[in-house]
Amino acid sequence: MSAPSPSAGRGGFQSRIGFILAAAGSAIGLGNIWRFPYTAGENGGGAFIALYLLCVLALGVPVMLAELAMGRATRKNPVGAYTKLGGRPWAAAGGLGVVTGFGILAFYSVVAGWTLGYLWHAVTGTFARAMDAEASTALFAGLISDPVWAIVLAGAFLGLTMVVVRAGVGGGIEMASKILMPIFFVLLVALAIRSVTLPGAGKGLAFIFEADFSKIRAPVVAAAMGQAMFSLSLGMGAMITYGSYFPRDENLVVAGVSVAFFDTLIALLGGFLVFPALFAAGMEPTAGPGLVFVVMPTIFDNLPMGQLFAVAFYALLAIAALTSTISLLEVVVSYFVDERGWSRSFAVYVVGGACFLLAVPSALSQGGAPALTDFLGTGKGWLDWQSILFGTYSLVAGALLTCILVGWRWGTDAAREAIEEGGHRLPAAPLWGSLVRYVCPLAVVGILIYVVTTGASF
Ligand code: TRP
């Protein structure tokens with residue numbers, strides 16, 4: 001698109017709604033539909049979900065505003081933004097974000113590849129046949145344990161991501177988000193209604209709403225914090241990067257809070273999509289990363305025009321994943337473009353290619369290569385480990401660094417001015433300030449220390 005860019009060569013968003021949809025496109029993805037349900041399932045259901053909501057409000061929203069402010073104030077990628085606001089040593093905090101984005105992209109594209117595989121199954125009509133829990137489990141196992149398929153699909157997805165990011169922020173990202181996100185929402189509501197009304201769905205609702213807080217342990221809290229950061233695309237500078245493209249006179253608070261709101265709504269929809277159908281089909285909530293993939297085919301089987309729903313669901317899930325992988329790749333690429341002077345195309349090829357190499361062990365870890373499936377005898381696969389290390393701990397650490405920089409180095413007063421730029425007031429500014437300065441850092445440090453010192457199992 002050809003509208004004037006806020007800073008030469010970097011491109012920018014055309015409107016606030018365009019920004020909200022693009023940032024929501026980054027936030028809404030496999031994190032909501034794939035990672036949220038299985039993480040909630042592994043961590044006890046209702047209590048985890050309540051804790052998750054608390055983390056979104058107390059940690060997610062404040063950090064969201066902090067990251068967006070850092071980006072808009074500096075107009076830079078995470079490394080540049082941290083350095084400009086904090087000084088040279090803070091470049092490392094931005095660097096952690098770039099590495100984390102790369103690490104997330106490497107396993108995320110494997111799972112996104114599975115959505116393409118399922119899209120293929122949907123188009124060719126596999127789900128039109130009766131699909132019970134057993135048949136569905138076998139279908140999933142067959143797809144992910146075939147090493148060639150898993151690698152090809154992950155590569156295809158990375159390739160798609162590279163094409164869009166190469167085209168630049170305005171044209172590719174904004175347009176895809178504007179049109180497709182609303183359609184995705186309507187479809188999710190329709191499917192969740194079907195799931196909730198299945199015979200036997202009541203147990204799933206009980207699983208969501210009955211919170212047994214005696215099950216909460218430090219690793220569960222860490223998982224909830226990490227999931228909140230992952231789902232909102234926080235803790236690695238994605239929102240710093242998107243903030244750097246945000247118009248100066250627009251309302252940052254409304255934008256940030258809207259993104260958090262829609263993302264949380266869709267995660268909850270993901271829960272209503274998966275758990276009722278899961279219990280209706282007699283499956284276990286602790287199945288791990290395969291959860292949503294195994295559950296969904298049992299719903300389509302129960303729908304009129306099930307095949308049509310199936311095709312639409314996987315197509316839109318793949319697109320939701322794409323708007324997320326775009327933001328992951330964009331962070332890493334914008335670093336090399338801004339700080340290292342690489343051309344956008346060159347950065348896309350090098351980073352995308354390197355990421356593909358790191359995606360291969362992930363793709364093989366789901367049955368294709370036994371050593372990676374049960375990594376070092378931990379009972380978890382390499383993909384799970386990548387998700388835990390990059391998708392939980394690294395993001396929580398990144399959020400901590402953001403709080404320290406904004407709360408103590410840049411200062412909440414200066415940050416507040418940046419948030420309010422354009423004349424839009426930040427409501428409850430003192431509350432925001434104390435969350436960023438005290439509550440969030442103490443909560444994060446407390447949990448990290450507890451998990452490390454007790455060696456709590458994940
Ligand atoms: N939030 C995305 C999801 O829920 C994943 C994601 C995209 C992400 N960009 C990110 C996570 C940046 C952390 C940081 O699927």
- Query: Which residues, taken from region 259-282, are more than 18 Å from the chain's Cα centre (by Cα) and surrounded by fewer than 21 Cβ atoms within 10 Å (Cβ to Cβ)?
  - Reply: G282
- Only one of (1) farther than 18 Å from A69 by Cα; (2) surrounded by 15 or more Cβ atoms within 10 Å (Cβ to Cβ) is not met by I449, so which one is it? (2)
- Task: Would you check if S327 is among the hydroxyl-bearing types (S, T, Y), under 15 Å from the mean Cα position of the chain (by Cα) and crowded, with 22+ Cβ neighbours inside 10 Å?
- Result: yes
- Message: So if I check each of G235, G243, G256, which one is within 16 Å of the ligand (Cβ to nearest atom), of a type in the set (G, A, S), buried (at least 24 other Cβ atoms within 10 Å of the Cβ) and under 15 Å from the mean Cα position of the chain (by Cα)?
- Response: G235
- Message: Could you check region 391-407 and list, in sequence order, the residues that are more than 17 Å from G446 (Cβ to Cβ) and more than 13 Å from the ligand (Cβ to nearest atom)?
- Response: L405, V406
- Any chance you could count how many residues in region 342-389 are under 22 Å from G226 (Cβ atoms), over 23 Å from the mean Cα position of the chain (by Cα) and among the polar types (S, T, N, Q)? 1
- Query: In region 313-336, what residues are more than 8 Å from the ligand (Cβ to nearest atom) and polar (S, T, N, Q)?
  - Reply: T323, S334
- Message: Can you confirm whether R72 is buried (at least 23 other Cβ atoms within 10 Å of the Cβ), part of a helix (DSSP H, G or I) and away from the ligand (no atom under 16 Å from the Cβ)?
- Response: yes
- May I ask you to say which residue of G117, G44, G80, G94 is within 16 Å of the ligand (Cβ to nearest atom) and either part of a helix (DSSP H, G or I) or surrounded by fewer than 24 Cβ atoms within 10 Å (Cβ to Cβ) (or both)? G94
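Please find, among L435, L405, L400, L426, the residue that is closer than 24 Å to V254 by Cα, among the hydrophobic types (A, V, I, L, M, F, W, C) and not in a helix (DSSP H, G or I). Reasoning before the result, please.
Values: L435 fails: not in a helix (DSSP H, G or I); L405 fails: not in a helix (DSSP H, G or I); L400 fails: not in a helix (DSSP H, G or I).
The match here is L426.
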- Message: Could you check region 438-458 and list, in sequence order, the residues that are touching a Pro at 6+ places or on another chain (Cβ under 7 Å) and either assigned to a helix (DSSP H, G or I) or closer than 15 Å to C403 by Cα (or both)?
- Response: C440, V451
- Being among the small types (G, A, S) and either surrounded by fewer than 24 Cβ atoms within 10 Å (Cβ to Cβ) or more than 14 Å from V221 (Cα to Cα) (or both) is the filter here, so list the residues in region 18-40 that pass it. G18, A22, A23, A24, G25, S26, A27, G29, G31
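Report, by residue number, each residue of region 120-134 that is modelled with pLDDT under 90, hydrophobic (A, V, I, L, M, F, W, C) and surrounded by fewer than 17 Cβ atoms within 10 Å (Cβ to Cβ).
A128, A130
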- Residue pairs qualifying under the 6 Å Cβ cut-off, at least six apart or on distinct chains, with the first in region 1-28 being modelled with pLDDT under 75 and the second being of a type in the set (S, T, Y), are G11/S5; G12/S5; G12/Y245; F13/Y245
- Can you tell me which residues in region 220-265 are hydrophobic (A, V, I, L, M, F, W, C) and touching a Phe, Trp or Tyr at 6+ places or on another chain (Cβ under 7 Å)? V220, A224, A228, F246, L252, A255
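The values are calculated or read from the model by the stated rules, or taken from the named source; none is laboratory data. The structure presented is a predicted model; accordingly, all values stated were derived computationally and were not measured. When we count neighbours, we look across all protein chains shown, and the Cβ atoms used for this are built from the backbone with ideal geometry, even at glycine.
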